[in-house]
Structure formats: structure tokens, C-alpha cells
Amino acid sequence: MTISEKPANHILPIIVISQFCCTSLWFAGNGIMDNLIKNFNLNETALGHLSSAVQFGFIMGTLIFAILTIADRFSPSKVFLTCAILGAISNSCMIFENNSYATLIIFRFLTGFFLAGIYPVGMKIAADYYQKGLGKSLGFLVGALVIGTALPHLLKGIMQTISWTNVLMATSCLAVFGGLAIAIFVPNGPYRAASKGLDFKAVSRVFKNKKFRSAAFGYFGHMWELYAFWTFVPFMLKQYNLQNGSHINIPIAAFSIIAIGSLSCVFAGYISQQKGVKRTAATALLLSGICCLLYPIAFQLGTIFFVSFLILWGMVVIMDSPMFSTMVAQNAPTEIKGTALTIVNCIGFAITIFSIQLLGQLGNTFNSPLIFTILAIGPILGLMAIFKPKAQNN
């Protein structure tokens with residue numbers, strides 16, 4: 001296929017389906033954490049460590065992949081397949097009866113590590129095919145990942161009928177299927193420019209571009225809010241139930257609040273074609289920042305209005321994500337585009353740990369919905385970054 005030709009119709013659906021299948025290693029794994037605690041007689045504190053292990057693995061993986069410019073030096077489709085297989089093996093190893101707390105931590109860490117060759121590399125593959133309309137393409141891609149993020153909450157409502165070992169094996173099989181689908185049906189894209197060798201200065205070089213920095217810093221502000229919101233949605237619902245004597249079904253409500261963001265991602269992709277990627281991202285970031293500040297007021301409303309507010313927040317908190325990824329990809333040199341996406345993911349996910357931990361500490365100290373207004377710091381700083389005057393290339 002030449003650059004002037006339109007990508008085949010099957011390319012985007014294959015990328016989206018493969019990404020969802022492979023990242024199920026992350027999503028569904030979170031849904032069986034309670035089963036791991038019970039089956040291996042672990043202390044309750046192990047829950048947080050097991051959940052964090054995959055996050056740290058992903059951060060370390062993206063850091064190493066970025067430093068070694070893996071996604072740019074090698075075929076992205078082959079990197080995707082290799083990491084899908086290795087991630088599936090790491091995930092399935094948790095079913096062994098002789099596992100200990102240490103081995104479970106290791107397997108979760110390795111699963112996260114190999115996800116570094118799936119999530120950002122999948123976006124790199126999409127960018128290699130869709131230069132025009134990349135925002136719409138990534139809107140579908142991130143939208144599928146949002147559904148996956150919400151999946152553990154749905155699983156909690158039906159886990160009584162599904163064995164946790166079957167969940168692990170099924171997600172491992174899905175990951176292998178997704179990797180094979182990419183390798184077989186999605187070869188290197190027409191916009192790919194392979195890196196000629198190791199480039200240890202690629203990370204520092206890409207951040208010298210002011211437009212890239214603007215997009216990246218906007219994404220970092222978005223990430224400060226996003227994962228903290230997703231993490232604490234069940235806590236918000238539980239706190240509301242306790243204070244108001246309501247009976248919101250927390251797993252189903254949490255699934256709905258998070259999953260609705262998949263539709264807003266797709267919607268943002270289409271809107272960006274008319275209003276522009278930057279303007280769409282800024283609007284979503286502004287609206288989510290407003291939601292952070294209005295949450296204490298919404299907490300005092302009736303059940304229907306409160307849940308509706310969280311659904312609105314669930315839509316706007318994620319709809320800027322594919323826009324920022326698009327801006328990052330568009331402002332990175334072609335030969336290190338994969339590295340650029342990977343390092344931005346690395347830093348962004350590292351930031352989520354700080355916001356989640358801070359919110360957790362505040363929640364233990366102050367039993368007040370006011371603590372969630374601190375999430376507005378991210379959107380405020382993100383808006384300042386993307387509207388910084390004279391953001392031109394050096």
C-alpha cells in the first residue's frame with residue numbers, strides 16, 4: 001500500500017480488537033485479585049501490592065522500551081505479538097497451586113512489563129496507518145480500552161459463576177489471539193520510518209520540540225485526574241450510600257460510569273475532525289476540571305442526579321485521552337514516534353501513582369467529598385500547558 005492509498009477497511013477494527021484482547025491481561029486480572037488473596041491465604045494488604053505490581057511493571061517496561069527505542073527499531077507488529085505471548089504466559093502462571101506472595105507479585109509485574117509492548121505500540125501501529133484522521137482512529141482505540149478498564153467491576157457481579165482460573169486462562173488465550181491477529185493482518189504501516197539503530201538521546205530529543213512538550217504536559221495533567229477518578233468511583237458510590245442510606249449497586253454503577261467513556265472517546269474522534277484535535281482536548285479537559293470542583297455539590301444531590309453527574313464526569317474525564325495521544329504522535333519525529341508515545345505513557349502512568357496515593361491518604365484522614373477537588377490540579381495545569389503562548393518548534 002502506498003502512502004496515498006486509504007488503509008484497508010479491516011486495519012482499524014483488527015487493531016482495536018487486538019488491543020482489547022491483549023490488554024484484557026490487565027483488566028480482567030484486576031477483577032480476580034480478591035480470589036488470589038483468598039486462594040493463596042494472603043494478607044489483605046497484599047491486594048494493594050498485587051494491584052500496584054502490574055502498574056509498576058508497565059512503567060518500568062515503557063521506560064526500558066523508550067530508552068532502547070524498541071517500537072521504532074523493530075517491526076511494531078512483531079513487538080506486539082512477542083509481548084502478547086510473553087504477557088499471556090506471565091498471566092497464566094498465576095494459576096499454579098505452589099505460587100507464593102512473591103511469585104504472584106513477580107508474575108503481575110511481568111504482565112505489566114509486557115503490556116508496555118502492547119498499549120503504546122498499538123497506538124504506534126495506528127499512527128503508522130492513519131496520518132489523516134488519526135484522532136478518530138485513536139478515539140475507537142481508546143474507547144475499546146475504556147470498556148476493558150470497566151470490565152473488572154462487571155466481573156465482580158458475576159464472579160460467583162466463573163472460576164478465577166478460567167478467567168486467567170481465557171484472558172491469556174485472548175492475548176495470544178490478539179497478538180496473532182496483528183502479526184498476520186496488520187503489517188508495517190505506510191507511514192512507518194524505521195529507526196536506524198539505538199538512539200539513547202531519543203527521549204530528550206523529542207522533548208525539545210515545544211509543541212510536543214505542550215501536548216505531553218497536557219496529557220500528564222489529564223492522567224493526574226483520570227486514574228484517580230477511575231480508582232475511587234467505587235469509594236465515591238460507597239460513601240454516598242453510607243451517608244444517604246441509598247442502595248446503589250456499586251459494581252454495576254461503577255462499570256456504567258467508567259464504560260460510558262468509551263462512547264465519548266469515539267464521539268471526540270468525530271468532533272475533532274470538525275473542531276480540531278487541540279480544541280476538542282481542551283474542551284474535555286475544562287469540563288472534567290469543572291466536574292472535580294463541583295463534586296462536593298453533586299454529593300448533596302438525590303441519587304439519580306448524583307449518579308448522572310458521575311456518568312457525565314466519566315464521559316469527559318477520558319474523551320481527551322485519544323486527542324492528547326494524537327497530538328503527541330503528530331508532533332513527534334516519524335522515526336521515533338513509537339518511543340515518543342511510549343515515554344509519554346511511562347511518565348503519565350507514573351503520575352497516576354502519586355495522585356491515587358495522595359487521594360487515598362486524604363480519604364483516610366478526611367471523610368469529606370471536598371478531597372476530590374484536588375483532582376482539578378491536573379486539568380488546570382494541563383490547560384495551562386496546551387495554551388502556553390508561542391508553543392512553536394525550536
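Results, tabulated for the structure shown:
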| item | result |
| --- | --- |
| Hey, Lys238 within 25 Å of Leu381 (Cβ to Cβ) and charged (D, E, K, R) or not | no |
| Tabulated pairs, the range 119-134, first under 17 Å from Gly348 (Cα atoms), second among the basic types (Lys, Arg) and in a helix (DSSP H, G or I), C-beta under 9 angstrom, 6+ apart or interchain | Lys124/Lys337 |
| Candidate set: the range 109-145, residues that are over 17 Å from the mean Cα position of the chain (by Cα) and more than 13 Å from Thr326 (Cβ to Cβ); chosen: the one modelled with the highest pLDDT | Leu110 |
| Segments classed as helices (runs of 4 or more DSSP H), wholly inside the range 87-177, with at least 3 members that are within 18 Å of Ser52 (Cα to Cα) and of a type in the set (Phe, Trp, Tyr) | 101-115 |
| Residue within the range 238-257 that is within 30 Å of Ile85 (Cβ to Cβ) and crowded, with 16+ Cβ neighbours inside 10 Å present | yes |
| Residue identified as within 20 Å of Val121 (Cα to Cα) and not aliphatic (A, V, I, L, M) among Ser204, Ser272, Ser214, Ser288 | Ser204 |
| Helices (runs of 4 or more DSSP H) contained entirely in the range 31-74, each with at least 2 residues that are among the polar types (S, T, N, Q) | 33-39, 46-67 |
| Per-region count, the range 335-394, residues outside any helix (DSSP H, G or I) and modelled with pLDDT under 90 | 10 |
| Given (1) touching a residue at least 12 places away in the same chain (Cβ under 8 Å); (2) farther than 27 Å from Ala282 by Cβ; (3) of a type outside the set (A, V, I, L, M), number of the condition Thr231 does not satisfy | (2) |
| Complete set of residues in the range 26-38 that are modelled with pLDDT of 85 or more and more than 18 Å from Ile258 (Cα to Cα) | Leu36, Ile37, Lys38 |
| Residues being hydrophobic (A, V, I, L, M, F, W, C) and within 28 Å of Ile11 (Cα to Cα) - total across the range 65-107 | 15 |
| Qualifying residue in the range 276-283 (condition: closer than 24 Å to Leu370 by Cα, more than 21 Å from the chain's Cα centre (by Cα) and part of a loop (DSSP other than H, G, I, E, B)) | no |
| Unique residue being farther than 23 Å from Ile318 by Cα, among the hydroxyl-bearing types (Ser, Thr, Tyr) and in a helix (DSSP H, G or I) when the list is Ser204, Ser246 | Ser204 |
| Failed condition for Val203, given (1) surrounded by 15 or more Cβ atoms within 10 Å (Cβ to Cβ); (2) at pLDDT 90 or above | (2) |
| Residues of the range 278-303 satisfying the condition of being of a type in the set (A, V, I, L, M, F, W, C) and either at pLDDT below 95 or outside the structural domain of His222 (by TED's automatic domain parsing) (or both) | Leu301 |
| Residue that is surrounded by the fewest Cβ atoms within 10 Å (Cβ to Cβ), among those in the range 294-314 that are of a type in the set (A, V, I, L, M) and not in a loop (DSSP other than H, G, I, E, B) | Ile304 |
| Tally of residues being more than 16 Å from the chain's Cα centre (by Cα), surrounded by fewer than 24 Cβ atoms within 10 Å (Cβ to Cβ) and hydrophobic (A, V, I, L, M, F, W, C) across the range 328-351 | 0 |
| Index of the failed condition, Glu225 passing every other in (1) at pLDDT 90 or above; (2) assigned to a helix (DSSP H, G or I); (3) out of contact with any Cys (no Cβ under 7 Å at 6 or more places or on another chain); (4) outside the structural domain of Ser75 (by TED's automatic domain parsing) | (3) |
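The values are calculated or read from the model by the stated rules, or taken from the named source; none is laboratory data. The shown structure was predicted, so the numbers you read here are calculated from the model rather than taken from an experiment. Counting neighbours? That spans all protein chains shown, and the Cβs are built from the backbone with ideal geometry, glycine included.
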